[in-house]
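*Asks:* Here you go, one structure.
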Amino acid sequence: MIKIGISLIVLGFISIFLFDKDITYFLYVHRDSFLAFKSLIKLITTLGHFDIVFYACTVLMLISFYVKSLRKYILLISVCLVLSDSAIMLFKFIFGKARPELFLKKGIYGFYFFKSNKNYSSIPSGHTLINSSIAFSVYLKNKKLGFYLILWSTLVGISRILLFMHYLGDVLVSFGMGCLISILVIKLEKLYLSSL
């Protein structure tokens, strides 16, 4: 999994420096072709938002009091939420990467380090990072359920690209970070459980 995470981050940065502008411009020119799916795309991105994921995890936590099989995921998901959100805030500020909207409207592209402006917070994709870290963590415990969650986080990442909130490279880097965070979370969970 570490190799997958690092590979996704490397592919993401290759895309950032070589392909993102062209892909984004191509999608923008052809945006009418996926206009029919715009409501679905917006719904996916809304359901992938941190607040919705947090509320869903809270409900899952409450249900776990009655359904024992869910309990093994609670600590895992909680730590994923905390670490992912912390990474999102930190790296968005550090990188200060201009969002696609700035590129499409003003030709502004690239990194403007240490900016706290929302227009300069393209990397990482928060939606993608949170969903993928949970998905990969669950996958390490339950392949079938994890597969569906990885599929879901992929749809969330695609929705962010199609809504011109992030570039392909941003989403790939976020997936890689999610993968690495999931490995860290699994190790922390094992360490914690072994200390009990």
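The values are calculated or read from the model by the stated rules, or taken from the named source; none is laboratory data. Note that this is a predicted model, so its numbers are computed, not measured. Using ideal geometry, Cβ is built from the backbone for each residue, glycine included, and neighbour counts are taken over all protein chains shown. In case anyone asks, the SASA skips ligands and DNA or RNA and just uses the protein heavy atoms, side chains included. Shrake-Rupley method; radii C 1.70, N 1.55, O 1.52, S 1.80 Å.
*Asks:* Just need a number here: residues in the range 95-119 that are closer than 18 Å to LEU172 by Cα and part of a helix (DSSP H, G or I).
*Replies:* Count: 2.
*Asks:* In this structure, is LEU8 surrounded by 11 or more Cβ atoms within 10 Å (Cβ to Cβ) and in contact with a Leu (Cβ under 7 Å, 6 or more places away or on another chain)?
*Replies:* yes
*Asks:* Residue by residue through the range 121-177, note down the ones that are charged (D, E, K, R) and open to solvent by less than 10 Å² (accessible area, probe 1.4 Å). Outline the logic, then answer.
*Replies:* Initially, the range 121-177 is screened for residues charged (D, E, K, R), giving 141, 143-144, 160, 170.
Across the range 121-177, the qualifying residue is only ASP170.
*Asks:* Every residue in the range 17-53 that is buried (at least 16 other Cβ atoms within 10 Å of the Cβ), in a helix (DSSP H, G or I) and within 16 Å of the chain's Cα centre (by Cα), please.
*Replies:* Those that are buried (at least 16 other Cβ atoms within 10 Å of the Cβ), in a helix (DSSP H, G or I) and within 16 Å of the chain's Cα centre (by Cα): ILE41, ILE44, THR45, LEU47, PHE50, VAL53.
*Asks:* Does at least one position in the range 65-73 carry a residue that is among the hydrophobic types (A, V, I, L, M, F, W, C) and surrounded by 20 or more Cβ atoms within 10 Å (Cβ to Cβ)? First the steps, then the outcome.
*Replies:* In the first step, residues of the range 65-73 are kept if they are among the hydrophobic types (A, V, I, L, M, F, W, C); the result is 65, 67, 70.
Okay, now just the ones that are also surrounded by 20 or more Cβ atoms within 10 Å (Cβ to Cβ), so none.
There is no residue in the range 65-73 that is among the hydrophobic types (A, V, I, L, M, F, W, C) and surrounded by 20 or more Cβ atoms within 10 Å (Cβ to Cβ).
*Asks:* So LYS106 ticks every box in (1) under 19 Å from TYR139 (Cα atoms); (2) basic (Lys, Arg); (3) loosely packed, with under 12 Cβ neighbours inside 10 Å but one. Which box is left unticked?
*Replies:* Failing condition for LYS106: (1).
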